[in-house]
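Right, one structure below, let's go through it.
The values are calculated or read from the model by the stated rules, or taken from the named source; none is laboratory data. All values derive from a computational prediction rather than experimental measurement. When we count neighbours, we look across all protein chains shown, and the Cβ atoms used for this are built from the backbone with ideal geometry, even at glycine.
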Amino acid sequence: MIREAHWNPDDINGSGCIGLGQSCGSPPGLAVVCPDWQVDAVCQLNFFNSYAVAHWGSWAAAAAHEDNYGWW
């Protein structure tokens, strides 16, 4: 997560993924859950915490996946 947005909450990458953890899609889920995502880092952290736990089971598992594959 740190590598992806460099702790910049209003980051948008070249693929259009947004926020601290680079939420993708059309529209990105982050923009739906956090309408003020560009300035609401707390909402982003809650969103990405829910994502990490739901998809990987824990932050440790998400970090291990990122270490092995370069994305989470």
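Here are some notes:
- Near pairs, Cβ below 9 angstrom, 6+ apart or cross-chain, from the range 4-20 (acidic (Asp, Glu)) to any residue that is in a helix (DSSP H, G or I): GLU4/GLU66; ASP11/GLU4; ASP11/ALA5
- Residues located in the range 20-33, provided they are touching a Gly at 6+ places or on another chain (Cβ under 8 Å) and either of a type in the set (D, E, K, R) or at pLDDT 95 or above (or both): LEU30
- Scope the range 28-72; condition in contact with a Cys (Cβ under 8 Å, 6 or more places away or on another chain), without any contact (Cβ under 8 Å) to a residue 24 or more places away in the chain and assigned to a loop (DSSP other than H, G, I, E, B); matching residues: CYS34, ASP36
- Filtering the range 12-27 to residues that are surrounded by 12 or more Cβ atoms within 10 Å (Cβ to Cβ) and either hydroxyl-bearing (Ser, Thr, Tyr) or in a loop (DSSP other than H, G, I, E, B) (or both) leaves ASN13, GLY16, CYS17, GLY19, LEU20, GLY21, GLN22, SER23, CYS24.
- Within the range 28-39, the set of residues being surrounded by 12 or more Cβ atoms within 10 Å (Cβ to Cβ) and more than 17 Å from TYR51 (Cβ to Cβ) comprises GLN38 only.
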